[in-house]
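Below: one structure, written as C-alpha cells.
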Amino acid sequence: MHQVEQKRLVKNEDIVYSTVRPNQEHYGYIKTPKDNLVVSTGFTVIENNKEISSSKYLYFFLTQQRVTSELQQIAEHSTSTYPSIKPSNLEDMKLFLPLLDEQKSIADILVSFDDKIELLRAQNKTLETLAQTLFKEWFVKFNFPNATGEMINSELGQIPKGWRVFRLNELIDTINGYSYKGKELVENSNEALVTLKSFNRNGGFQTRGFKPFEGNPKSTQEVVIGDLIVAHTDLTQDAEVLGNPAFVFESGGFDKMYITMDLVKVTSKVDNIDSAFLYYVMKDRKFKGHCIGYSNGTTVLHLSKKAIPEYEIALPEDLKLAEKFSKIALSTTDKISNNILQIQSLEKTRDALLPKLMSGNVRVN
C-alpha cells in the first residue's frame, strides 16, 4: 500500500488507523489538523501518495467491514498482549486502484452519502438540544408558563408552590432484561436481543447491537418501536453509557425484540406522564450524576436496581405541565425518528455500494 508510520506529526488528508483491535473501527480522516498534532501508541498514520491515489479513496477502502475483519484475524494471531496489527500489515494489503480521476469520483459519491448522514445527525442533535433546553427551563429553573414566582421549601430545595417532590417509582415501572445463554445466540432468527451495543456512546439507539437468538424470555421483556430503555451496565469506567436512556427507533427487520440483562425497560404508570417526558428526565445531567452514585464495579460498572426508582424530581402535583411538555417533546421525537430511518437507509445503500466500488464491480466514468 502506501507509506505507513507509527509515530509522527499528522498532516492534512492523512489517515489515522488503530493498530489495536481493528474490529472496533477506531480510525479517522484528518482535515485541517491543529499544529503539532501527534499520534503515538496504538495508532498508525497512513500518508497518501497523491500522484497515484486519492486519500479519501484509500480511507473508504480501509474502513470496509471486509478489511477490518481481515485485519482483526491477523490481530488475533499476534503475540502482543492485545490483538493488534503492525503497520506492515497495512502496507502489504492489495487493493483495486483505478485511474486517479475515477478514484476521486468514487470518493465523491461516498462522501455525498456521509455528508447527508452527518447533516441528519446534526439536525437530530439540534432538535434534542432544544427539547433539553426547554425541559431545563421548566423543570430545573422553574421558568414555566404562568409561573407566579412563589416558592416553598422541599427536600430538593426551593420549588414552586403547588409542586411536590416525586420519586420515579411513583410514576414508572422498570422491567429487567433477559439473562440469555451463549448457546441461545444463532446466525439467523426472526427474534433479536437488544443489547448494550444498541446504545451509541454519543447518544441514541443503533441496530448494530442486535443479536439474533432463540430463547425463552418473558413477554414483559419484549420491546417495540417507541419503547424507552435504559443502560444498566457500562463496560468502561468513564460511565459513558451507564444510565443513558434511548428510544427503540427501529426493529432491524426482526419480528420481535427483547432486552438483555444489561438493560431495563421503563414504562409509565400514570396518565399524565409518557416516555417522551421520562426520556428528558433521564437526559438531565442530574440524573446521570445520580446513576453514577448508584453504580458499583471495578472492570464493569453496574447500576443498582434502586437507582431509577429512587430518583427524585420536583413536579406540579397535577402533572399537567409534564403532559404539556410531552406533547412538544413527542413532536421532536417523531422528527428525530424519521431522520434516523433516513440515516439507516442511506447507510444501508452506502454499505452495499462500497464493496462494489472498491472491487471494480461497479465502475464510475
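The values are calculated or read from the model by the stated rules, or taken from the named source; none is laboratory data. This structure is a prediction, so every number in the text was calculated from the model and none was measured. Backbone-built Cβ (ideal geometry, glycine too); neighbour counts: all protein chains shown.
General remarks:
- Residue tally, condition surrounded by fewer than 17 Cβ atoms within 10 Å (Cβ to Cβ), under 25 Å from V186 (Cα atoms) and in contact with a helix residue (DSSP H, G or I) (Cβ under 9 Å, 6 or more places away or on another chain), over segment 216-252: 5
- Condition check for Q344 on (1) of a type in the set (S, T, N, Q); (2) under 23 Å from L171 (Cβ atoms); (3) surrounded by 16 or more Cβ atoms within 10 Å (Cβ to Cβ): one failure, at (2).
- Among residues of segment 274-290 that are within 17 Å of I328 (Cβ to Cβ), those with a beta-carbon under 9 Å from a residue that is in a helix (DSSP H, G or I) and of a type in the set (V, I, T) at least six positions away or on a different chain give the pairs S275/T333; A276/I328; A276/T332; A276/T333; Y279/T333.
- Count - residues of segment 116-172 that are among the polar types (S, T, N, Q), closer than 23 Å to A276 by Cα and surrounded by 14 or more Cβ atoms within 10 Å (Cβ to Cβ): 4
- Count of segment 46-92 residues which are surrounded by 15 or more Cβ atoms within 10 Å (Cβ to Cβ) and assigned to a loop (DSSP other than H, G, I, E, B): 9
- Enumeration of residues in segment 20-45 that are in a helix (DSSP H, G or I) and buried (at least 20 other Cβ atoms within 10 Å of the Cβ): P22
- Selection status of Y311, over 22 Å from F249 (Cβ atoms), surrounded by 13 or more Cβ atoms within 10 Å (Cβ to Cβ), free of Cβ contacts under 8 Å to residues at least 40 places away in the same chain and not aliphatic (A, V, I, L, M): no
- Counting only residues that are within 30 Å of A322 (Cβ to Cβ) and in a loop (DSSP other than H, G, I, E, B), segment 166-197 holds 2 of them.
- Restricting attention to segment 48-82, the residues that are farther than 18 Å from L97 by Cα and either within 25 Å of the chain's Cα centre (by Cα) or among the small types (G, A, S) (or both) add up to 10.
- Some residue of segment 55-70 being of a type in the set (S, T, Y), under 20 Å from D14 (Cα atoms) and without any contact (Cβ under 8 Å) to a residue 40 or more places away in the chain: yes
- Restricted to segment 146-161, and to residues there that are in a loop (DSSP other than H, G, I, E, B) and in contact (Cβ under 8 Å) with a residue 60 or more places away in the chain, the residue that is farthest from A322 (Cα to Cα) is E155.
- Flag if K327 is outside the structural domain of F61 (by TED's automatic domain parsing) and closer than 30 Å to N143 by Cα: yes
- Of the set (1) surrounded by fewer than 14 Cβ atoms within 10 Å (Cβ to Cβ); (2) closer than 25 Å to T333 by Cβ, all apply to G177 but (1).
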